[in-house]
Each structure stands twice: as structure tokens, then as C-alpha cells.
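Down below is the structure, laid out as C-alpha cells.
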Amino acid sequence: MPPGIESFFAIAGGLASFTARFFKEVWFPPYELKEVVRQGYNLGYSSLSLVGITGFIMGLVLTMQSQPTLAVFGAEAWLPAMVTISVIREMGPVITALICAGKVGSGIGAELGSMKVTEQIDAMEVSGTNPFKFIVATRVLAVTVTLPILVFYADAIAIFGAYIGVNITGEVSSTLFINQALRSLDWIDIIPSTIKTIFFGFGIGIVGSYMGYHATKGTAGVGQAANSAVVISSLLVFIIDMVAVQVTQIFM
């Protein structure tokens, strides 16, 4: 078997076992709720500015790119609704998840990798502390809960950016824009996108934790763990999104 394929199956099997261990550990005490809240606050707060700027640019650019095309067909009135649905259904969740995969996923991989190569995890095991529950379960839960909040934040900023984009070439009141934006929005647009962001967050957290928890080869392994966490979690985001779209199409 080629080395690349062998490595792929090794990582896939390791992730499956790691995920099974997470679900086994997370249900039993002690529940590190304070650590979950602390990690969620740190991960979410550190990502607010980047997510906000990206969301604003996303809404602004999407509006300015779509406006000339819709103007040709005399459908400019549909611009707010089109941008809102595009952002909430697909662009907001996926782009925000990719940002978190790059920032949060690499951070978790590097942090846990550093703890692994400096034998801090081994020291926790010797002292009687469950390192998996304290440093893995808490981070995975924190990212799982935090990412949907960041997506809602990014969606709101993107819609504001779309409003600015509409007013660059025209003049639309905020009330009219909001009414047009929400006119075609339905629960089927909001609920599936929210559910898949939970899976995005879980995937990013579990991949980053797995790569860091199993880091090897000294300090070089820390960089490799962070890099692998970004690549694999980004790929996982696209896979989850593809599955979510197919499932949503079935029930629509």
C-alpha cells in the first residue's frame, strides 16, 4: 500500500477511535464546565475581529458583484434577499468555519502538541488527573458551542456589509433593506445551516485535539500537528457541508 494511502487510513482510524473516546469520556464526571466556558470565551473572543472583518467584506463584495448582473434583468429588488439567503445558507457557515479551522484548529493543535512533547500530558496522568477530559473534551465542547455563535455574528455583519454595498450605488433605507432581506428567508434556511455549524465546530475541535494529543518528534512535531490540524479540519468542513446539502435537499 502506498505511504500516502496508508497514512490516510491511519489518521482516519485514529480519529474514529479518538472520537469514540470523547463520547465515552464526556458523559461521566467530573464535568469541567468552568474550563469549557474559559476555552469558549478565549476561542470566541480571539476570533471576533477576524470573523467580523471577513463577514463584512463577504457581504459587501457579494452585493457589489451581483448588483450589475441583477440590474440587467431588472431584478435589483431581489438583491437583499439573494445575498441574505446565500450568506445564511452557505457562505457564512463555511467561510467562518474555514477561518476557525485555520485559527482555532491550528491553535489547539499547537497548544496540545506543546503539552505532549514537553510531557505535561504525561505529568497530568501521573498526578491522577484525566488529561483527556480536561484538555481535550473541554476544547472540543468549547469549539462546538462557540462556532454557531460566531456564524450568527458573521451573518449579521455580512448583511450589514450588503446594506452598505447597496447604498454605494443607490439609496435604500435600512427598513426597506431589512424587509427585502427577510422576505424570502424561511426556517429551512436557518435550521440546517445552524445544525451543520455544530458539526463544523465539533470536527474542528476533534481534529485539532487529535493532532496535538498525538504529536511526536519534539518541537518539529508541534508545527506538523498545527499544520495537519488546519488541512484535515478544512477538508472535513467541506465534506460535512457536502453531506449537509444533500440531506437538506432530501427534506426540502
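Points worth noting:
- Whenever a residue of the stretch 1-13 is closer than 15 Å to S228 by Cα, its partners that are modelled with pLDDT of 75 or more and surrounded by 10 or more Cβ atoms within 10 Å (Cβ to Cβ), lying with C-beta atoms within less than 9 angstrom and at least six residues away or across chains, give the pairs I11/Y210; I11/M211; I11/S228; I11/I232.
- Within the stretch 46-53, one or more residues are of a type in the set (G, A, S), under 20 Å from A229 (Cβ atoms) and touching a residue at least 40 places away in the same chain (Cβ under 8 Å).
Rundown of residues vs (1) within 18 Å of the chain's Cα centre (by Cα); (2) touching a residue at least 60 places away in the same chain (Cβ under 8 Å), yes/no style:
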| residue | (1), (2) |
| --- | --- |
| P80 | no, yes |
| T84 | no, yes |
| I88 | yes, yes |
| I95 | yes, no |
| G105 | yes, yes |
| D122 | no, no |
| V136 | yes, yes |
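- Residues in the stretch 17-49 that are among the charged types (D, E, K, R) and modelled with pLDDT under 85 were compared, and the one that is surrounded by the fewest Cβ atoms within 10 Å (Cβ to Cβ) is E25.
- Each residue in the stretch 25-63 was checked for being farther than 30 Å from E171 by Cβ, aromatic (F, W, Y) and in a helix (DSSP H, G or I), and 2 pass.
- In the stretch 82-169, counting only helices (runs of 4 or more DSSP H) that sit wholly within it, the ones holding 2 or more residues that are more than 23 Å from D189 (Cα to Cα), modelled with pLDDT under 90 and open to solvent by 60 Å² or more (accessible area, probe 1.4 Å) span 106-117, 120-126, 138-169.
- Of all the listed residues (I121, I85), the sole one being of a type in the set (A, V, I, L, M, F, W, C) and over 30 Å from A226 (Cα atoms) is I85.
- Qualifying residue in the stretch 146-153 (condition: within 12 Å of the chain's Cα centre (by Cα) and aromatic (F, W, Y)): yes
- Some residue of the stretch 206-216 being more than 21 Å from G52 (Cβ to Cβ) and exposed (fewer than 14 other Cβ atoms within 10 Å of the Cβ): yes
- Residue within the stretch 64-80 that is open to solvent by 70 Å² or more (accessible area, probe 1.4 Å), in a helix (DSSP H, G or I) and within 15 Å of I99 (Cα to Cα) present: no
- From the list V243, V237, V247, the lone residue that is open to solvent by less than 30 Å² (accessible area, probe 1.4 Å) and either touching a helix residue (DSSP H, G or I) at 6+ places or on another chain (Cβ under 9 Å) or among the β-branched types (V, I, T) (or both) is V237.
- Residues that are closer than 27 Å to S47 by Cβ and small (G, A, S), drawn from the stretch 154-173: A154, A156, A158, G161, A162, G165
The values are calculated or read from the model by the stated rules, or taken from the named source; none is laboratory data. Not measured: the values here are computed from a predicted model. Cβ atoms come from the backbone with ideal geometry, glycine included; neighbour counts cover every protein chain shown. What goes into the accessible areas is simple: the full protein's heavy atoms, side chains included, and nothing from ligands, DNA or RNA. Shrake-Rupley method; radii C 1.70, N 1.55, O 1.52, S 1.80 Å.
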